[in-house]
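**Student:** So that we are looking at the same thing, I have put the structure below in structure tokens.
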Amino acid sequence: MSSLLQTLASLAAAGSLLVSGALDMAAPQNSDTSMLLLVNRDWGISGDYAPVVRVSEVPGQVRKLREEAATAQEAMFAAAKAEARVTLVAVSGYRDYDKQERIYGNKLKSVRGDEEAADAYVARPGTSEHQTGLTMDIGQRSGKDTLEEGFGGTRGGQWCRDNAWRFGFILRYDEGWEEVTGYSFEPWHFRYVGLEHARRIHENEMPLEEYLKLLRTGILLDLVSADE
Ligand SMILES: [Zn+2]
């Protein structure tokens, strides 16, 4: 067993994981408050999923996140300032289902009803990770590369890539992960998963989807060895 699987198995054994919602393909996720809630193009949540969020005390525009993520984000932005002298800004955090529906509807109109074209740009309502309240698009003050690939090459973008895990965030859509995540490289889109998971995901350089699969394998292996 690889050391990653070993640690995953022991994590599971310690009962420190609540991943049922994120791993049970058939179950609706609407009651899942897990930090590992999975939302992607194939795996949506309904309009009823509306987490409790608060305004994160950082510079920026749409700054609402779930409590755990907001607190972590405040610490992360303060650290970026202290360590890299960069002022990070919140560009877009929590978006509810209705908002996503309007954004998608507008995009659909602008491409004259061509769903394929609209899907290439905008997540359909219920498939945006921003609805979890655990996701924040990050930019930097006076940056020209807001929501553009160039952000990854800026001082702020680089600092976020290297350090977000220390605060429980992961770079969700890295280069080369498109097949797995369904999204091309988005150096600005960070997702909160909690400290322990973020550290492991960062160390192993894998998409959340792959990590969740490994977690499940680790749990299964653990059950098997418990039987022996
Ligand atoms: Zn985003």
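The values are calculated or read from the model by the stated rules, or taken from the named source; none is laboratory data. Source: prediction; values computed, not measured. We place every Cβ from the backbone using ideal geometry, glycine too, and count neighbours over all the protein chains shown.
**Student:** Kindly indicate whether Lys64 is within 15 Å of the ligand (Cβ to nearest atom) and surrounded by fewer than 19 Cβ atoms within 10 Å (Cβ to Cβ). Before the answer, list the steps.
**Tutor:** Numbers: within 15 Å of the ligand (Cβ to nearest atom): yes; surrounded by fewer than 19 Cβ atoms within 10 Å (Cβ to Cβ): no.
For Lys64, the condition - within 15 Å of the ligand (Cβ to nearest atom) and surrounded by fewer than 19 Cβ atoms within 10 Å (Cβ to Cβ) - is not met.
**Student:** Continuing with this model, one more query. Taking only the stretch 132-148 into account, find how many residues are within 15 Å of the ligand (Cβ to nearest atom) and in contact with a Lys or Arg (Cβ under 9 Å, 6 or more places away or on another chain).
**Tutor:** First pass over the stretch 132-148, keeping only residues within 15 Å of the ligand (Cβ to nearest atom): 132-139, 145-148.
Pick out the ones that are also in contact with a Lys or Arg (Cβ under 9 Å, 6 or more places away or on another chain) and you get 132-136.
Total meeting the criteria: 5.
**Student:** Out of everything in the stretch 183-197 that is more than 13 Å from the ligand (Cβ to nearest atom) and under 19 Å from Gln131 (Cα atoms), what residue ends up being farthest from the chain's Cα centre (by Cα)? Don't jump to the end; show me each part of the working.
**Tutor:** Within the stretch 183-197, the first condition is being more than 13 Å from the ligand (Cβ to nearest atom), and the residues that meet it are 193-197.
Restricting the remaining residues to those that are under 19 Å from Gln131 (Cα atoms) gives 193-194.
Details: Val193: 7, Gly194: 11 Å.
Residue satisfying both the conditions and the ranking: Gly194.
**Student:** Gly113 - would you say it is away from the ligand (no atom under 14 Å from the Cβ) and surrounded by fewer than 15 Cβ atoms within 10 Å (Cβ to Cβ)? Before the answer, list the steps.
**Tutor:** Numbers: away from the ligand (no atom under 14 Å from the Cβ): yes; surrounded by fewer than 15 Cβ atoms within 10 Å (Cβ to Cβ): yes.
Yes; evaluated as a whole, the condition is true for this residue.
Table: residues versus (1) under 17 Å from Val89 (Cβ atoms); (2) among the aliphatic types (A, V, I, L, M); (3) modelled with pLDDT under 95.
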residue	(1), (2), (3)
Cys160	yes, no, no
Thr181	no, no, yes
Tyr211	no, no, yes
Leu214	no, yes, yes
Thr217	no, no, yes
Asp222	no, no, yes
Glu228	no, no, yes
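**Student:** May I ask you to verify whether Thr127 is buried (at least 19 other Cβ atoms within 10 Å of the Cβ), among the β-branched types (Val, Ile, Thr), under 21 Å from Ser56 (Cβ atoms) and within 15 Å of the ligand (Cβ to nearest atom)? Explain how you work it out, then say what you get.
**Tutor:** Details: buried (at least 19 other Cβ atoms within 10 Å of the Cβ): yes; among the β-branched types (Val, Ile, Thr): yes; under 21 Å from Ser56 (Cβ atoms): no; within 15 Å of the ligand (Cβ to nearest atom): yes.
The answer is no for Thr127.
**Student:** Among the listed residues Phe169, Phe151, which satisfies the condition of being within 16 Å of the ligand (Cβ to nearest atom), touching a Pro at 6+ places or on another chain (Cβ under 7 Å) and at pLDDT 95 or above?
**Tutor:** The conditions single out Phe151.
**Student:** Within the stretch 86-102, which residues are farther than 19 Å from Trp188 by Cβ and either within 16 Å of the chain's Cα centre (by Cα) or part of a loop (DSSP other than H, G, I, E, B) (or both)?
**Tutor:** Within the stretch 86-102, Asp96 is the sole residue that qualifies.
**Student:** Can you name the number of the only condition in (1) more than 16 Å from the ligand (Cβ to nearest atom); (2) of a type in the set (Ser, Thr, Tyr); (3) in contact (Cβ under 8 Å) with a residue 12 or more places away in the chain; (4) exposed (fewer than 15 other Cβ atoms within 10 Å of the Cβ) that Tyr121 fails?
**Tutor:** If we test Tyr121 against (1) more than 16 Å from the ligand (Cβ to nearest atom); (2) of a type in the set (Ser, Thr, Tyr); (3) in contact (Cβ under 8 Å) with a residue 12 or more places away in the chain; (4) exposed (fewer than 15 other Cβ atoms within 10 Å of the Cβ), just (1) comes out false.
**Student:** Against the condition in contact with a helix residue (DSSP H, G or I) (Cβ under 8 Å, 6 or more places away or on another chain), within 15 Å of the ligand (Cβ to nearest atom) and either of a type in the set (A, V, I, L, M) or more than 26 Å from Met35 (Cα to Cα) (or both), how does Ile103 come out, does it pass?
**Tutor:** On the way: in contact with a helix residue (DSSP H, G or I) (Cβ under 8 Å, 6 or more places away or on another chain): no; within 15 Å of the ligand (Cβ to nearest atom): yes; either of a type in the set (A, V, I, L, M) or more than 26 Å from Met35 (Cα to Cα) (or both): yes.
Here the answer is no, as Ile103 does not meet what is asked.
**Student:** Collect the residues in the stretch 119-149 that are closer than 12 Å to Leu88 by Cβ, in contact with a Leu (Cβ under 6 Å, 6 or more places away or on another chain) and in a loop (DSSP other than H, G, I, E, B), keeping them in residue-number order.
**Tutor:** Correct list: empty.
**Student:** Looking for whichever is among the hydrophobic types (A, V, I, L, M, F, W, C), modelled with pLDDT under 70 and part of a loop (DSSP other than H, G, I, E, B) here; the options are Ala22, Ala9, Ala26, Ala50. Which one fits?
**Tutor:** On the way: Ala22 fails: part of a loop (DSSP other than H, G, I, E, B); Ala9 fails: part of a loop (DSSP other than H, G, I, E, B); Ala50 fails: modelled with pLDDT under 70.
Just a single option satisfies the conditions, and that option is Ala26.
**Student:** Before we move on, is Arg200 within 25 Å of Thr71 (Cα to Cα), buried (at least 17 other Cβ atoms within 10 Å of the Cβ), away from the ligand (no atom under 12 Å from the Cβ) and of a type in the set (Lys, Arg)?
**Tutor:** Working: within 25 Å of Thr71 (Cα to Cα): yes; buried (at least 17 other Cβ atoms within 10 Å of the Cβ): yes; away from the ligand (no atom under 12 Å from the Cβ): yes; of a type in the set (Lys, Arg): yes.
So Arg200 fits the description; yes.
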